[in-house]
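Have a look at the structure below, then the notes.
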Amino acid sequence: MSDQTLSLPVAVSAAWLREHRDEVVLVDSRWYLDGRSGHEAYLNGHIPGAVHADVDSDLAAPASAEGGRHPLPAAADFARTLGRLGIGDRSSVVVYDDANGSVAARLVWMLRVIGTPAAFLDGGLQAWTGELEKGEVTAEPVHRTALPWPAGRLVGTEELQQELADPDRLLLDARVHGRFTGEQPAPVDARAGHIPGARSAEWPANLTPDGLLAAPGVLRERFAALGADSARTVTAYCGSGVTACHDLLALEHAGFADTRLYPGSWSRWGGDDSLPLETGDPRA
């Protein structure tokens, strides 16, 4: 792989990846909410040369009541993981999943927010037409400098509570609409509903009917209709801080800068009976 850092958009095509394969670190981040093993799926067939990163063990700290199901890992822990995966200080990274980028977005956002060029494979594994290889790919470990998470790109529970009454702060819920309204509760959530004042911005609506990331203009119109054009801050959350990153990347693709993630997401907020919630969608 070349040590020349590339400049990457938030998503790249399979054709682009075939042309630039030797210039990037390729990461398979398949993971499933229903408990299936993403690592087992990887072992059974992955894009040649891809290493595997697990959402639970590599891209999150241990779950907790205060942090939710997928807290961001400490900077030093994340740096060690990146080094083990062969992602150095000058690496460029492409991440894929088999879920339209909704899982791959987590690592892509984590890398981009600390200045590392990263993109997800548009269309995911299904877009790859080449052969697959089986088994584990072990990268040669490299040095990776630990970089702090930018405070301005994250928001905690207490800060979010204080902002709920501020009409200039937009909060987007990236979960599918039924989980937002509470009509489709997930078995992993303690309560059903959404954070008061949030707008439903389900991540699948970032895609075209073919499952590819929509054009910037289309996404700009979508998020402007939700209030992103006039908001002082735009924050995204989801079930546990994974698919929210798809909204954040779509916002970046549409030209919105300095958006924020609520890492604890509904797993933190909905798990605390002292915090208010809403059900339904008053804007429907």
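A compact table of results
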read-out	value
Only listed residue being more than 18 Å from the chain's Cα centre (by Cα), surrounded by 14 or more Cβ atoms within 10 Å (Cβ to Cβ), acidic (Asp, Glu) and not in a strand (DSSP E or B), chosen from Asp189, Asp210	Asp189
Residues of the stretch 199-253 that turn out to be of a type in the set (Gly, Ala, Ser), closer than 30 Å to Asp272 by Cα and touching a residue at least 40 places away in the same chain (Cβ under 8 Å), as a count	11
Matching entry among Ser240, Ser267 (being open to solvent by 20 Å² or more (accessible area, probe 1.4 Å), in contact with a strand residue (DSSP E or B) (Cβ under 6 Å, 6 or more places away or on another chain) and modelled with pLDDT of 95 or more)	Ser267
Residue within the stretch 214-222 that is in a loop (DSSP other than H, G, I, E, B), basic (Lys, Arg) and either under 16 Å from Pro196 (Cβ atoms) or out of contact with any helix residue (DSSP H, G or I) (no Cβ under 7 Å at 6 or more places or on another chain) (or both) present	no
Of all residues making up the stretch 148-184, the number that are open to solvent by 60 Å² or more (accessible area, probe 1.4 Å) and of a type in the set (Val, Ile, Thr)	0
Residue that is farthest from His52 (Cα to Cα), among those in the stretch 123-141 that are surrounded by fewer than 21 Cβ atoms within 10 Å (Cβ to Cβ) and either hydrophobic (A, V, I, L, M, F, W, C) or free of Cβ contacts under 8 Å to residues at least 12 places away in the same chain (or both)	Ala127
Residue ranges of helices (runs of 4 or more DSSP H) in the stretch 16-122 with at least 2 members of a type in the set (D, E, K, R), open to solvent by 20 Å² or more (accessible area, probe 1.4 Å) and in contact (Cβ under 8 Å) with a residue 24 or more places away in the chain	75-84
Condition broken by Arg144, with the remaining ones in (1) among the basic types (Lys, Arg); (2) open to solvent by 40 Å² or more (accessible area, probe 1.4 Å); (3) closer than 21 Å to Asp22 by Cβ satisfied	(2)
Lone unmet requirement of (1) modelled with pLDDT of 95 or more; (2) within 19 Å of the chain's Cα centre (by Cα); (3) small (Gly, Ala, Ser) for Gly35	(1)
Unique match (being out of contact with any Ser or Thr (no Cβ under 9 Å at 6 or more places or on another chain), of a type in the set (A, V, I, L, M), under 22 Å from Ser265 (Cβ atoms) and not in a helix (DSSP H, G or I)) among Ala139, Ala165	Ala165
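The values are calculated or read from the model by the stated rules, or taken from the named source; none is laboratory data. Values in this document were obtained by computation on a predicted structure and should not be read as measured data. Here the Cβ is made from the backbone with ideal geometry for all residues, glycine too, and neighbour counts use every protein chain on show. Surface accessibility is based on the protein's heavy atoms, side chains included, excluding ligands, DNA and RNA. Shrake-Rupley method; radii C 1.70, N 1.55, O 1.52, S 1.80 Å.
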